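Scroll down for the structure; my scribbles are underneath it.
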Amino acid sequence: MPTDQLDAASVTTRANVYFGGKCVSHSLILPDGTKKSVGVILPATLTFNTSAAEIMECVDGACEYRLAGSEAWLTSNAGEKFSVPAQSAFDIRVAEEHAAYHYICHFA
């Protein structure tokens with residue numbers, strides 16, 4: 001089951017807009033100092049670089065992703081997560097039929 005709500009979070013009101021608006025997110029800080037971002041990726045194929053390790057949680061929609069160094073595309077649906085190592089990269093693609101991939105990025 002996907003995360004429906006993050007309580008007591010401090011939210012950055014200015015959006016992070018990437019790839020000409022194909023990815024839009026907001027940064028959150030929870031009371032314990034944990035950092036996350038919540039956002040949406042519209043249909044596209046995009047490449048993200050990571051500085052910290054990340055866990056991508058799908059809260060709605062679906063995507064395919066490919067970790068750096070892999071040829072395999074894997075699927076992530078609502079309620080599923082995938083991990084990306086620090087100092088790495090991943091490709092993500094959202095198909096037109098999904099309209100959007102809604103996510104929470106949990107920074108490790």
- Taking E64, is it surrounded by 12 or more Cβ atoms within 10 Å (Cβ to Cβ), in contact (Cβ under 8 Å) with a residue 12 or more places away in the chain and of a type in the set (D, E, K, R)? yes
- Item | Residues that are of a type in the set (S, T, Y) and in a strand (DSSP E or B), drawn from the stretch 16-43 | Y18, S25, S27, S37
- Message: If I filter the stretch 99-106 for residues that are within 22 Å of Q5 (Cα to Cα), outside any strand (DSSP E or B) and modelled with pLDDT under 95, do I get at least one hit?
- Response: yes
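Residue-by-condition table, conditions (1) out of contact with any strand residue (DSSP E or B) (no Cβ under 6 Å at 6 or more places or on another chain); (2) over 22 Å from D4 (Cβ atoms):
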| site | (1), (2) |
| --- | --- |
| G21 | yes, yes |
| V24 | no, no |
| P31 | yes, no |
| P43 | no, yes |
| S70 | yes, yes |
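The values are calculated or read from the model by the stated rules, or taken from the named source; none is laboratory data. Here the structure is a predicted model, which is why all the values come from computation and not from measurement. When we count neighbours, we look across all protein chains shown, and the Cβ atoms used for this are built from the backbone with ideal geometry, even at glycine.
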